[in-house]
Amino acid sequence: MDMLVIRGGQPLRGTVRTSGAKNAALPIMAACLLTDGPVRLSEVPKLADVDSLSQLLRLLGVDVEATGPQELSLRVIDRQHFTAPYDLVRKMRASICVLGPLVARRGRAKVSLPGGCNIGHRPIDLHLRGLEALGAQIRVEGGYVEASARRLRGATISLAGPCGSTVTGTANIMAAAVLASGVTTITSAALEPEIVDLAEFLNGLGAQITGQGTPEIRIEGVAALSGGKYSVIPDRIEAATLMIAAIATRGEVTITNIQPTHLESVIHLLREAGADIEIEQSGEETRVVAAGRRMLRPIEFSATPYPGVPTDLQAQLTALLTAAAGDSTVTDAVFPNRFMHVSELCRMGARIEHRGDGVVIRGRNRLSGASVMASDLRASAALAVAALAAEGQSVIRRVYHLDRGYERLDLKLQSLGGQVERILDSPDSIPGSDPTAFLKAA
Ligand code: EPU
């Protein structure tokens, strides 16, 4: 298992390119089950989650091949299989995205229930209700969802949940409805850019989807889809994480392959806190320059569904606000218990208190390096931000969480001057941690 050793205090400077969006690439890959035609995807990030989904798709009879550094070619070669086993689904919840495409194309799916995870209770009731509304028979037994249908038929389905509408639920139902007979209308659909990307991809294969990016998506079922080519949108969460790291270290970083329109609420929030964010247009290319030139002002925000501040940035923003000139308040309306990073940040000297539904971050705090443990993907990014800004050396363990969703963040940070080293996790390998060092020195 790898860990990151980060020596903080170095302002990040330079230019870095964002990879393709994990949360767009995964449902798009799963939707390839809907067609027999070959699909070529570009801007697919090289991530552990992409590897896990490729493995699952291979089990389901899809030939998945890397045809370039960020390119995958996918083609269904065997339609006999319909089971997504627990061992793969537990590694990555996005595996649930195969459920809709499998029922729609193969008439049958058996997918392990993903269960809970470190960011809280994550039910899939809305996915199941949506598929039932499309005419699928659903049974939950032995930890698996079994769904079957001869042919799905269009319906009107609301995907509103207690914490907003569901993102992968919208992806699942939209993908399933593409091959249903008649018209499906999804109300209270998720508005996330990754849903728009999936709809654009499916339309490129011959689907008839309109309204993506609004709360009402209309899908006119078609008999079959063709193959095609598609390029995945840039990862807005990775881009914003890099912006936050630049600001936290009082550096200045230019980010390319970024769509600032996907980050409006985040850019607004960072500016409100006093960070400098410039959007530059040079010919076809948009670049965002993020800099931290002064002490930040404290802010109050709640993570909410798109177009709000994403829950996937709540932890990184919490880390950033430890250095603000006063107390900030943060809540997370999407995953109200997503605060596992708080106790690790406190190990680095942060003063964060749970209050009501969220946390209060006491500002004016210079963090100090410590050994910390990543608990989930975005928590590990928050720890990396904190470690880069902290005084001294930090060791972040369980970096496999980070590798699930960030394409070699360590190398990208290094290219910006960050003192980040990836080493094999063993107490002997931590620079400066050799307990006999004082004897050798003497
Ligand atoms: N919910 C229900 N019932 C459902 C589904 C969801 O009540 O059937 C609730 C959830 O418990 C949560 C809220 O609805 O409170 C939103 O959950 P959603 O279904 O939208 O989350 P998701 O689709 O499982 C995706 C991303 C997450 C991201 C959330 C919210 C992917 C693969 N995952 O998850 O990304 O946090 O949307 O934006 O797209 C990450 O990348 O680190 C990550 C966790």
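Looking at the chain alone, DSSP beta bridges between its own residues are antiparallel in about 70 percent of cases. Pairs of Lys residues in the chain are counted when their Cα atoms are under 18 angstrom apart and they lie 8 or more places apart or on different chains; the count is 7.
Distance between the C-alpha centres of the range 312-391 and the range 126-181: 36 Å, rounded to the whole angstrom. Between 0 and 90 degrees, the angle of helix 377-389 with respect to the longest Cα principal axis of the chain falls at about 20 degrees.
With θ taken as phi - 60° and the Karplus curve 6.51 cos²θ - 1.76 cosθ + 1.60 applied, the whole-hertz 3J(HN,Hα) list for the range 184-197 is 10, 10, 9, 9, 6, 6, 5, 9, 4, x, 5, 6, 4, 4 Hz, x standing for glycine and proline.
Tell me, what are the semi-axes, in whole angstrom and largest first, of the equivalent ellipsoid of the range 22-231 as set by the roots of 5 times the Cα gyration tensor eigenvalues? It would help to have the intermediate numbers written out before the result.
On the way: eigenvalues 95, 78, 60 Å².
Equivalent-ellipsoid dimensions as semi-axes: 22, 20, 17 Å.
Put simply, the amide H of G9, placed in the peptide plane, has neighbours under 5 Å in A389, A390, leaving out anything fewer than 5 places away on its chain.
A simple spin-label model places pseudo-atoms 7 Å from Cα toward Cβ; at T210 and Q137 they are separated by 3.6 nm.
Couplings 3J(HN,Hα) for the range 156-163, derived from phi with the Karplus relation 6.51 cos²θ - 1.76 cosθ + 1.60 (θ = phi - 60°), are 9, 9, 9, 10, 6, x, x, 10 Hz, where x marks Gly and Pro. Backbone geometry of the range 261-278 corresponds, through the Karplus equation with coefficients 6.51, -1.76 and 1.60 at θ = phi - 60°, to 3J(HN,Hα) couplings of 5, 6, 10, 4, 5, 6, 4, 4, 5, 5, 5, 4, 7, x, 7, 9, 10, 10 Hz, x marking Gly and Pro.
So what's the back-of-envelope 222 nm ellipticity for the chain, counting only DSSP H runs of four-plus at -39500 (n - 2.57) apiece and dividing by all residues, rounded to 500?
Working: 15 runs with 134 residues, N = 442.
Result for the chain, helices only: -8500 deg cm²/dmol.
Over the residues of the chain, compute the C-alpha Rg and express it relative to 2.2 N^0.38 Å. Present the calculation step by step, with values, prior to reporting the outcome.
Numbers: Rg = 22.2 Å, N = 442, 2.2 N^0.38 = 22.3 Å.
Against the compact-globule rule of thumb, the ratio is 1.00.
None of the figures in this text is laboratory data; all of them are computed from the coordinates on show. What you see is a predicted model, and the numbers here were worked out from it, not measured in a lab. Glycine also receives a Cβ, built like all others from the backbone with ideal geometry; neighbour counts cover every protein chain displayed.
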